[in-house]
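Here's the structure, in structure tokens; my notes come after.
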């Protein structure tokens, strides 16, 4: 699929869709404010809370990904395109806010996220929120791209994507040389960055399976679960291999656990995302 498939094909349409995106961005901030117990503006401007800044950056990036995903597909006329892109983007923003509840309840279930983000300004938890939002945005973007499927397909792949993130997080923690939740509570930023990178990597692979035109349920679900299997098998293997190869004689996992080595975490996250990008192009 190329950018020629976008419903922005001339100079007249571009400003209209840009205005639509700005409206959706404001709505996204409003929805976010309804879903949380703290004031975003206060945390960002008065408190300079980096943890909230990271979480909100992931949220806004996810919003843009959903909007771009909704743009993909043939044009059916300006008005119909605006309604379709706006409607799917708005639905995606609602799902994005629901994903925060699921992530708090399931993925980061061993502590109070709001307390960590607001009271403790825990940047490691903010990094995981960034990764979880971007990952969710990628999955939703894939599900709304192309033709067919409609809102039902969007909801089904959203739920499957959230369950995939949960299952992967359990596997990731089991194979890690440290407790993810403990290192996050201990404000180990490196741990949060590495975990966020792997969530994004997983989402890149499964997004590719749900993107494009809807074929039929058996074919689309088979493609999704096949991508899930590939990600669940090869991402942990890659992590084990890169753990020793990136820094000869040193373990990335131990560097993250014992030294909070942010450079090691960035390398781990980057290699996972790069691998996911290459894998997504091949499957």
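The values are calculated or read from the model by the stated rules, or taken from the named source; none is laboratory data. The shown structure was predicted, so the numbers you read here are calculated from the model rather than taken from an experiment. Ideal geometry is used to build each Cβ from the backbone, glycine not excepted, and the neighbour counts take in all protein chains shown.
Any residue at all in segment 13-26 that's at pLDDT 95 or above, assigned to a helix (DSSP H, G or I), closer than 28 Å to residue 180 by Cα and within 23 Å of the chain's Cα centre (by Cα)?
Among the residues of segment 13-26, not one is at pLDDT 95 or above, assigned to a helix (DSSP H, G or I), closer than 28 Å to residue 180 by Cα and within 23 Å of the chain's Cα centre (by Cα), which makes the answer no.
To keep it simple, each residue is scored yes or no on (1) at pLDDT 95 or above; (2) closer than 22 Å to residue 271 by Cβ; (3) surrounded by fewer than 23 Cβ atoms within 10 Å (Cβ to Cβ); (4) in contact with a helix residue (DSSP H, G or I) (Cβ under 7 Å, 6 or more places away or on another chain).
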{"position": "138", "(1), (2), (3), (4)": "yes, yes, no, yes"}
{"position": "150", "(1), (2), (3), (4)": "no, no, yes, no"}
{"position": "174", "(1), (2), (3), (4)": "no, yes, yes, no"}
{"position": "193", "(1), (2), (3), (4)": "yes, yes, no, yes"}
{"position": "204", "(1), (2), (3), (4)": "yes, yes, no, yes"}
{"position": "211", "(1), (2), (3), (4)": "no, no, yes, yes"}
{"position": "236", "(1), (2), (3), (4)": "no, yes, yes, yes"}
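What are the residues in segment 33-46 that are in contact (Cβ under 8 Å) with a residue 40 or more places away in the chain and either crowded, with 16+ Cβ neighbours inside 10 Å or in contact with a strand residue (DSSP E or B) (Cβ under 9 Å, 6 or more places away or on another chain) (or both), if any?
If the condition is that a residue be in contact (Cβ under 8 Å) with a residue 40 or more places away in the chain and either crowded, with 16+ Cβ neighbours inside 10 Å or in contact with a strand residue (DSSP E or B) (Cβ under 9 Å, 6 or more places away or on another chain) (or both), then 36, 43 are the ones that fit.
So in segment 238-252, with the set limited to residues that are within 17 Å of residue 168 (Cβ to Cβ) and in contact (Cβ under 8 Å) with a residue 60 or more places away in the chain, which one is surrounded by the fewest Cβ atoms within 10 Å (Cβ to Cβ)?
Checking each candidate, the answer is 240.
If you go through segment 30-49 one residue at a time, how many are within 17 Å of residue 129 (Cα to Cα) and assigned to a helix (DSSP H, G or I)?
Of the residues in that region, 7 qualify.
Which ones in segment 213-234 are touching a helix residue (DSSP H, G or I) at 6+ places or on another chain (Cβ under 6 Å) and within 27 Å of residue 270 (Cβ to Cβ)?
Of everything in segment 213-234, those that are touching a helix residue (DSSP H, G or I) at 6+ places or on another chain (Cβ under 6 Å) and within 27 Å of residue 270 (Cβ to Cβ) turn out to be 223, 224, 227, 228, 231.
Which of the residues spanning segment 95-120 are in contact (Cβ under 8 Å) with a residue 40 or more places away in the chain and crowded, with 20+ Cβ neighbours inside 10 Å?
95, 96, 99, 103, 107, 108, 116, 117, 118
Given the structure, is residue 203 within 16 Å of residue 282 (Cβ to Cβ) and either touching a residue at least 60 places away in the same chain (Cβ under 8 Å) or in contact with a strand residue (DSSP E or B) (Cβ under 6 Å, 6 or more places away or on another chain) (or both)?
For residue 203, the condition - within 16 Å of residue 282 (Cβ to Cβ) and either touching a residue at least 60 places away in the same chain (Cβ under 8 Å) or in contact with a strand residue (DSSP E or B) (Cβ under 6 Å, 6 or more places away or on another chain) (or both) - is not met.
Please find, within segment 67-84, the residue that is surrounded by the fewest Cβ atoms within 10 Å (Cβ to Cβ) out of those that are in a helix (DSSP H, G or I) and more than 20 Å from the chain's Cα centre (by Cα).
So the residue we want is 79.
Would a scan of segment 237-248 turn up a residue that is under 24 Å from residue 116 (Cβ atoms) and part of a helix (DSSP H, G or I)?
no
What's the number of the only condition in (1) over 25 Å from residue 280 (Cβ atoms); (2) within 18 Å of the chain's Cα centre (by Cα); (3) crowded, with 24+ Cβ neighbours inside 10 Å that residue 53 fails to meet?
It is condition (3) that residue 53 fails.
Take residues that are more than 26 Å from residue 50 (Cβ to Cβ) and tell me which of the helices (runs of 4 or more DSSP H) falling wholly in segment 92-192 contain 1 or more.
Correct list: 123-144, 150-175.
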